[in-house]
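> Right, I'll just put the structure down here and ask away after.
The values are calculated or read from the model by the stated rules, or taken from the named source; none is laboratory data. This one's a predicted model, so the numbers in the text were calculated from it and none came from an experiment. As a convention, Cβ positions derive from the backbone with ideal geometry for all residues, glycine included, and neighbour counts pool all protein chains shown. Each accessible area value is taken on the protein alone, full model and side chains, heavy atoms only, with ligands, DNA and RNA left out. Shrake-Rupley method; radii C 1.70, N 1.55, O 1.52, S 1.80 Å.
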Amino acid sequence: MKELNIEIYAHDSEVDVAHKINTMELHNWINHLTYIRKELSSLIHFYNAQPAQKRLEQESTSQRYEMKQVDNDVILVALQKFKISRDTIAECEDVHCDMTFIQEHEKCRRMYLFHIDKYRKLKDTFFKELQGKISQVAQPA
């Protein structure tokens, strides 16, 4: 993971500080979604590597991960496009321009947090199912 080094200086305006913090936050979101993409690929591979009978039983679970991966990719692309568009922040000459970027960042934040919440619930379901299977195996017949 590439480290982002953004310095906040005492002479920075409140808007400059907000933009710098938002840049760092956006960078972290992109890194997180990139990691989630790898994690989802591993989970999908895990389900697809099952024997044919198991795969049929777990097809809906695998499809949920595949759909979540599509969602993740859509959001990741949107955040990357927003990151590129932010290169023009330095050219903002009025408050309206700055506020447009800040409002767009807030929309991205809501989209990201909603996605993360849904992804965590999906992972919780996976771990509950896994724990149930482990418990079944551990119980004597």
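> Can you work out ³J(HN,Hα) from phi for every residue in region 88-97, in order, using Karplus 6.51 cos²θ - 1.76 cosθ + 1.60 and θ = phi - 60°, giving whole Hz and x for Gly and Pro?
Values, residue by residue: 8, 4, 4, 7, 4, 10, 9, 5, 4, 4 Hz.
> Could you work out how much longer the chain between V95 and R110 gets when fully extended? Use 0.36 nm per residue separation minus the Cα distance between them, nm to one decimal.
3.2 nm
> Let me ask something else about it. Round to the nearest 10 and give me the degree value, 0 to 90, for the angle of helix 14-48's Cα axis relative to the longest principal axis of the chain.
20
> For the chain, with all protein chains present and a 1.4 Å probe, just round the carbon and sulfur fraction of the accessible area to a whole percent. Intermediate results must be reported in sequence, preceding the final value.
Numbers: 5650 of 9840 Å².
It is 57 percent, rounded to a whole number.
> With each label point set 7 Å from Cα along the Cα-Cβ vector, what nm distance links M24 and L130?
3.2
> Counting only C-alpha contacts under 8 Å and six or more residues apart, can you give the relative contact order of the chain as a whole percent? Provide the component values of the computation, followed by the final result.
Values: 51 pairs, mean separation 32.0, N = 141.
For the chain, the relative contact order is 23 percent.
> Ok, one more. Let me know the charge dipole size of region 28-81 about its Cα centre in debye, to the nearest 20, where only the beta-carbon of Lys, Arg (+1) and Asp, Glu (-1) is charged.
Computed about the Cα centre, the dipole is about 100 debye.
> Tell me the angle of helix 59-85 to the major Cα principal axis of the chain, expressed in degrees between 0 and 90 and rounded to the nearest ten.
It works out to around 10 degrees.
> So if each residue of separation counts as 0.36 nm, and I subtract the Cα-Cα distance between R120 and V17, what length gain in nm does that give? List each step's numbers first, then the result.
Numbers: separation 103, 0.36 × 103 = 37.08 nm, distance 3.07 nm.
So the extension gain works out to 34.0 nm.
> So, in nm, how far is label K38 from label I102 when the simple model puts each one 7 Å beyond its Cα toward the Cβ?
3.5
> Could you work out Rg/(2.2 N^0.38 Å) for the chain, with Rg from alpha carbons only?
1.43
> Can I ask one more? Along the charge dipole of region 18-130, which of H45, I116, N72 sits closest to the positive end, that is, farthest toward it, with unit charges on the beta carbon of Lys, Arg, Asp and Glu (+1, +1, -1, -1)?
Checked the options; the winner is H45.
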